[in-house]
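S.K.: Please find one structure pasted underneath; my questions will follow.
The values are calculated or read from the model by the stated rules, or taken from the named source; none is laboratory data. Just so it is clear, the structure is predicted and the values come from calculations on it, not from any experiment. With ideal geometry, Cβ positions are generated from the backbone for all residues, glycine too; neighbour counts draw on all protein chains shown. The protein model used for the area step is the full one, side chains on, heavy atoms only, and it has no ligands, DNA or RNA in it. Shrake-Rupley method; radii C 1.70, N 1.55, O 1.52, S 1.80 Å.
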Amino acid sequence: MSSPVTPSRRDALPGRPAAVPGAGSARAALPFKPVARRHHLLFAAATVLYWMTMYVYVPILTPFLQDRGLSMGWIGFIVGSYGLSQMLIRFPLGVYSDRMSRRKPFLIAGMLAGLVGSALFLVGDAWQGPLAGRLVLGICASSWVAYSVLYASYYPPEQSTKAMSTISFLTVVGQLAGMTASGWLASAGGWETAFLTGIGLAAAGMLAAACVFEPPSPSRAALPAAAKEARTAAPGGARRSVRKIVTSSPLLIEVSLLSLLVHCILFITMFGFTPLQAVALGASEVELTWLVVAFMVPHALVSLWSGRLLAPRFGERNVIIAGFILSAACSAAIPLCASLPSLLATQAVNGAAQAMVIPLLLGLAIRDYPSSERATAMGFYQSVYSIGMFAGPYVAGWFNNAGGLRAGFWFAGAIGLAAAAIALIGAKRRR
């Protein structure tokens, strides 16, 4: 067990890089002002509705596609297409958001995409509607770049990890609420009821997003002319190119790769093929709700604790490595489960393990960037991990075609072990 760390000696993964040029001037230009509690609450409501929209159908997605007669390969492709559109959109969205110095318009546009995507699932009776809906909901998910950077602005820059733990908790609350309702909705009114509910949630989310407070950014703040001239003249005050922003932080590159791997695991297991394993064990639509609860409740609690309690106590690097090892073991154990209760147990531990990793990587991605560059860094980070959201279930689908469901879950376990090794090697190299 490692000793507690302090802000001056935090063993970040793989190590905290030097201050980014321009960060000091950006922060000094507009001192941090605390955000009112009501703004936090309204943002929380918008965030929960956002994630409910995108996850109200997830537990029934693979059984729904299987019911339409699609092969495992097609199911894997449709599940993964959600990440494909994000891979293409998140990074340019982040760059454009930084250029505009605005986040809120992207929140509203994302909810509109969520409404359209939910409606597309109801079109036709083959694969075209679900594929189109999944792609458009990936566009909705791409606006998470703006959500996360906007919420980070509610906290002082040095508290970005705390902010990301809080927003990760809100994320899981929304996902849990949507996914818990999914099985009940399908049981009461058929598969289509979940998608109709998604349309209503997206409409409510658009109204909430329109009321969200956006603090003025340093680049939009009214500054005295002399201060503006001084900042423009300063070597660190000039706007850096996108390439320089991304390559200036080795930490961003490494945590992006690790996030790609953890999202491979997540979208192979709970957000991919674990519901099919539950159905194979005899689970009904309603019993899929218990699978969701088993995974998401520990995921929510540990997401809140990881940046506030675990990382300060044990160190970010140690928590991340332990999370990957636990997730690898639980993913590989899924096909060994002979009953639904044993499957629920593996998912409870897997939910906690992945929550040890995801919020910390999210906070590390932007911690050392000034607010004027955070959306670009976050857009790169999220675009990279979107590759895992697509590639993980897509490759696992082909493994499943060849060797059954067990092959895909063992593939997820191997990814977890590889990620733990990469994190450990990277940390030792940085030392």
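S.K.: Looking for whichever is in contact (Cβ under 8 Å) with a residue 12 or more places away in the chain and buried (at least 24 other Cβ atoms within 10 Å of the Cβ) here; the options are 130, 156. Which one fits?
M.R.: So the residue among 130, 156 that is in contact (Cβ under 8 Å) with a residue 12 or more places away in the chain and buried (at least 24 other Cβ atoms within 10 Å of the Cβ) is 130.
S.K.: Additional query: Going through the range 317-352 one residue at a time, which ones are closer than 22 Å to residue 251 by Cβ and open to solvent by less than 30 Å² (accessible area, probe 1.4 Å)?
M.R.: Step one: of the range 317-352, the residues closer than 22 Å to residue 251 by Cβ are 317-325, 327.
Those that are closer than 22 Å to residue 251 by Cβ and open to solvent by less than 30 Å² (accessible area, probe 1.4 Å): 319, 320, 321, 323, 324, 327.
S.K.: Mind telling me which of the residues 416, 379 ends up being within 28 Å of residue 163 (Cβ to Cβ), of a type outside the set (Phe, Trp, Tyr), in contact with a Lys or Arg (Cβ under 7 Å, 6 or more places away or on another chain) and in a helix (DSSP H, G or I)?
M.R.: Criteria check complete, one pass: 379.
S.K.: Residue 173 fails exactly one of the following numbered conditions: (1) of a type outside the set (Gly, Ala, Ser); (2) free of Cβ contacts under 8 Å to residues at least 40 places away in the same chain; (3) part of a helix (DSSP H, G or I). What is the number of that condition?
M.R.: Unmet condition: (2).
S.K.: Looking at the range 310-353, which of its residues are in a helix (DSSP H, G or I) and polar (S, T, N, Q)?
M.R.: Taking the range 310-353 and keeping what is in a helix (DSSP H, G or I), we get 310-314, 316-336, 340-353.
Result: 318, 327, 331, 342, 346, 347, 350.
S.K.: Filter the range 83-127 down to residues that are among the charged types (D, E, K, R) and open to solvent by 60 Å² or more (accessible area, probe 1.4 Å) and give me whichever is nearest to the chain's Cα centre (by Cα).
M.R.: Ranking the candidates gives 102 first.
S.K.: Mind listing just one residue for me: the one in the range 41-56 that is open to solvent by 10 Å² or more (accessible area, probe 1.4 Å) and among the aliphatic types (A, V, I, L, M) and, of those, nearest to residue 166 (Cα to Cα)?
M.R.: 44
S.K.: Which condition does residue 85 not pass, out of (1) in contact with a Gly (Cβ under 8 Å, 6 or more places away or on another chain); (2) outside any helix (DSSP H, G or I); (3) modelled with pLDDT of 85 or more, if it passes all the others?
M.R.: Among (1) in contact with a Gly (Cβ under 8 Å, 6 or more places away or on another chain); (2) outside any helix (DSSP H, G or I); (3) modelled with pLDDT of 85 or more, the lone unmet condition for residue 85 is (2).
S.K.: Could you pull out the residue among 379, 388, 404 that is small (Gly, Ala, Ser) and more than 30 Å from residue 95 (Cβ to Cβ)?
M.R.: 404
S.K.: Has the range 403-411 got any residue that is within 21 Å of residue 257 (Cβ to Cβ) and buried (at least 24 other Cβ atoms within 10 Å of the Cβ)?
M.R.: no
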